[in-house]
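First the structure, in the form of structure tokens, and then the observations on it.
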Amino acid sequence: MLRWRCSGTTVALVHAVVLGDLLHRAAVGRLARIRRVSDGWAVIGRGPDGEPLREHRHAHWLSLTGLDDDYRVTTVAAWAPGGYDVEETAALASLSMLHGTVGGRPCTVHLELTGVGDSPSVLGDLARPARTWRTLTPYAPPSHPRPGQTLRDHVARYLQRDLGALGYDPPVSIRLIGPEGIWRSFQSRRPREPEQRARSVFGVEMTFESAVAGPIVLGALRHYGLGVFWPRKE
């Protein structure tokens, strides 16, 4: 797990997927200098046998903000539940800048490495146990609602499936939260995907019977920064 402080171009959290894509491409480019893809990378989700890593154990590129930072990205993180090996960690730690286009304008983000280690020590609040969790970036179900299905039931169905696959018990409460305009302003496709690939996204609050530890990152595009949940203080 690695975390960087961001400076330079200000990037709004609504562009989390774009920033996640830039971080992913920078990491792949850096690692490709010293290692063959066939050797297996958690960065791209391939094991040493060349097979895809299961259960979303590979890299998640997260854009984060303080709750009082006006939805500006202040830090980015590279979190892999299955961990990185020494070579991958060194390559990631050497990243210092991201270049690209965000929101239709040129973007240069400077990266200052602020943490390397396990999730609790590097992610802080994002990893602490809590009963209630709310979306920091919206949740994107992988498909459209079934005929006659309410949006809440549609979201709950996939949310429970995602949580179960990661070993969590079902929440005792799931509700959609607004305002919808904020969630719909988030880019919900990768930069090279066509407009038609944009996902429907939702703000969600879920409560468990007892406190569970994070990070909790779920749904489509979770590996690029959507579906990040923030623990609510009790």
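Where a number appears in this text, it was derived from the coordinates with a stated rule and is not lab data. In this text, all values refer to a predicted model and were calculated from it rather than measured experimentally. A quick note on method: Cβ atoms are made from the backbone with ideal geometry, for glycine too, and the neighbour counts reach across all protein chains shown.
GNM remark for the chain: springs join alpha carbons under 10 Å apart, and the peak mean-square fluctuation among Pro120, Pro81, Pro147 falls on Pro147.
I need Leu62, Leu163 ordered by Cβ neighbour count within 10 Å, fewest first. Each step should come with its number before you reach the end.
Details: Leu62 29, Leu163 19.
Fewest to most other Cβ atoms nearby, the residues stand as Leu163, Leu62.
Hey, got a sec? Which trypsin sites (Lys or Arg not before Pro) in the range 170-207 land in a DSSP loop and have at most 12 other Cβ atoms within 10 Å? Listed in order of number, the matching sites are Arg192. In the chain, helical runs assigned H by DSSP with n ≥ 4 each contribute -39500 (n - 2.57); averaged across all residues and rounded to the nearest 500, the mean residue ellipticity at 222 nm is -6500 deg cm²/dmol. If I build a Gaussian network model for the chain, linking alpha-carbon pairs within less than 10 angstrom, which residue out of Gly214, Gly83, Gly178 has the largest mean-square fluctuation? The residue with the greatest mean-square fluctuation here is Gly178. Put a plus charge on the Cβ of each Lys and Arg, a minus charge on the Cβ of each Asp and Glu, and nothing anywhere else: the dipole of the chain about its Cα centre is then about 540 debye. Going from the fewest other Cβ atoms within 10 Å to the most, the residues Ser200, Ser210, Ser188 appear in the order Ser210, Ser200, Ser188. Between Arg146 and Arg57, the C-beta separation translates, for a Förster distance of 22 Å, into a calculated FRET efficiency of about 0.15. Expressed as a fraction of 2.2 N^0.38 Å, the value expected for a compact globular protein of N residues, the C-alpha radius of gyration of the range 56-171 is 1.29.
At the listed q of 0.14, 0.15, 0.17 Å⁻¹, the Debye profile of the chain, built from one uniform point per Cα, gives log10 I(q)/I(0) equal to -0.90, -1.04, -1.34.
Across all Cα atoms of the range 128-231, the radius of gyration (one decimal) and Dmax (whole number) stand at 13.2, 41 Å. Each label point was placed 7 Å from the Cα along the Cα-to-Cβ direction; for Leu113 and Ile177 their separation is 3.4 nm.
Around the Cα centre of the range 2-124, unit charges on the Cβ atoms of Lys, Arg, Asp and Glu (plus for the first two, minus for the last two) sum to a dipole of about 360 debye.
Across every pair of non-identical alpha carbons in the range 2-124, the mean reciprocal distance, once inverted, gives a Kirkwood radius of 14.8 Å.
For the range 100-160, the Kirkwood estimate of hydrodynamic radius, built from reciprocal distances between every pair of different alpha carbons, is 15.9 Å.
Membrane-span-like helices of the chain, defined as complete DSSP H segments with a Cα extent of 20 Å or more along the helix axis and a mean Kyte hydropathy of at least -0.5, are identified as 16-32.
Taking Gly164, Gly148, Gly100 as the candidate residues, the one with maximal mean-square fluctuation in a Gaussian network model of the chain, Cα springs under 10 Å, is Gly148.
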